[in-house]
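None of the figures in this text is laboratory data; all of them are computed from the coordinates on show. Keep in mind that this is a model prediction, so the values were computed, not measured. Cβ atoms come from the backbone with ideal geometry, glycine included; neighbour counts cover every protein chain shown.
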Amino acid sequence: MTHALLVIDVQNDFCPGGALAVPGGDEVVPVINAMMDDFDTVILTQDWHPASHSSFASSHTGKNPFELTEMHYGPQVLWPEHCVQGTEGADFHPDLNTHADLVIRKGFRKGIDSYSAFFENDQTTPTGLEGYLKTRGITHLTLVGLATDFCVHYSAIDAARLGFDVTVRTEACRAIDLDGSLAAAEDAMRDAGVTLA
Ligand code: VGL
Ligand code: ZN
C-alpha cells in the first residue's frame, strides 16, 4: 500500500488575520508538519483564484459574503475575496513545511469554483489529481487542512468515490461552520465511507 498525506489549503487567507479566516486555522500547522514523515508522499493543495473570481461576493452586484447564489453548475456560497493568485493571502502559511512532491492548484478558472482537489464544483471537470495518484500507485489518502466543511469535505468524498481508502484527521483540520455546515459535512463524509479519526 502507498499512503499519501493530502494537505488542503493551509494558506494565509484561511488563517487568523486572513481574508477568509477559519477560526484556529493556524493551529493545524505544527500538527501537520509533525505528521509528514509518516507518509510515502506529501501533496499540498492551493486555492488559487484570479481577481474577480465568480465565487467572490464582490463579483455579483447586491450580494454579500456568505450568501448563496445560483451558478450554471448549481448553488454556490459567495465568499470574501481570498487566495488571489500571486498575493500574500494565497501563499502557504509561512511555518508550513512545503517540501511536498506536488502542489496542486484549484479554483483558477474565473467562472467556476473548486472546493474539491479532484473535481471543480460542476463535479465533472477534473483537476488531474486522480491520474497523478493512481499512476503513482497511491491507494490510501489521509486528508488534513482547511476548511473541514468545504475543501476537506468535498475532496474526501470525491476521493472515496474514486476508490481510495480515505481518512480525515480532524485534529489537523478546522472548520468555517456556516449554518451547521460542519455537522452536515461530517455526516456526508461518514456516509461516503470516509474514516474520521
Ligand atoms: C475554501 C471556501 C472558498 C476551503 C476555499 O479551502 O475550504 N473555502 N475557497
Ligand atoms: Zn476559494
Residue-by-residue Karplus 3J(HN,Hα) for region 149-166, coefficients 6.51, -1.76, 1.60, Hz, glycine and proline x: 8, 10, 5, 5, 4, 5, 5, 5, 5, 4, 4, 5, 5, 7, x, 7, 8, 10
Let me understand region 114-197 better: what is its radius of gyration from the alpha carbons, and its Dmax, in angstrom? 12.1, 39
Kirkwood-based Rg/Rh on the Cα set of the chain evaluates to 0.94
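Packing-wise, with mean Cβ within 10 Å as the measure, how do 150-157, 87-94 rank, highest first? If you can, show how the numbers build up before the last one.
Numbers: 150-157: 26.8, 87-94: 16.2.
Ranking the peptides 150-157, 87-94 by packing returns 150-157, 87-94.
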Once Lys and Arg get +1 and Asp and Glu get -1 on their Cβ, which of T167, T135, L196 lies farthest toward the positive end of the dipole of region 96-197? T135
Expected unfolding gain across E70-T124 under the 0.36 nm per residue rule, minus the alpha-carbon gap, is 17.7 nm
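Taking 1 over the mean of 1/r across every pair of different Cα atoms in region 1-61, what Kirkwood radius in Å do you get?
Working: mean 1/r = 0.0738 Å⁻¹.
That comes to 13.6 Å for region 1-61.
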Summed over the other residues with a beta carbon less than 13 angstrom from that of L133, with K and R at +1 and D and E at -1, the charge totals -3
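For the pair D191 and E88, what calculated FRET efficiency results from E = 1/(1 + (r/R0)^6), where r is the Cβ-Cβ distance and R0 = 45 Å, to the nearest 0.05? Present the calculation step by step, with values, prior to reporting the outcome.
Values: r = 38 Å, r/R0 = 0.84.
For E88 and D191, the calculated efficiency is 0.75.
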Apply the Karplus curve 6.51 cos²θ - 1.76 cosθ + 1.60, θ = phi - 60°, to the phi angles in region 117-122 and return the couplings in whole Hz, x for Gly and Pro. 6, 9, 9, 6, 5, 6
Output ³J(HN,Hα) for region 85-102: one whole-Hz value per residue in order, computed from phi by the Karplus curve 6.51 cos²θ - 1.76 cosθ + 1.60 with θ = phi - 60°, and x for Gly and Pro. 3, x, 8, 5, x, 7, 5, 5, 3, x, 8, 5, 6, 9, 7, 9, 6, 8
Please state the shape class of region 57-131: rounded when a/c is under 1.5, otherwise prolate if a/b exceeds b/c and oblate if not, all from the C-alpha gyration tensor. oblate
Under 5 Å from the placed amide H of T98, counting only residues 5+ away or on other chains, we find none
Given axes a ≥ b ≥ c from the Cα gyration tensor, I'd like to know whether region 102-160 is rounded (a/c under 1.5), prolate (a/b larger than b/c) or oblate. oblate
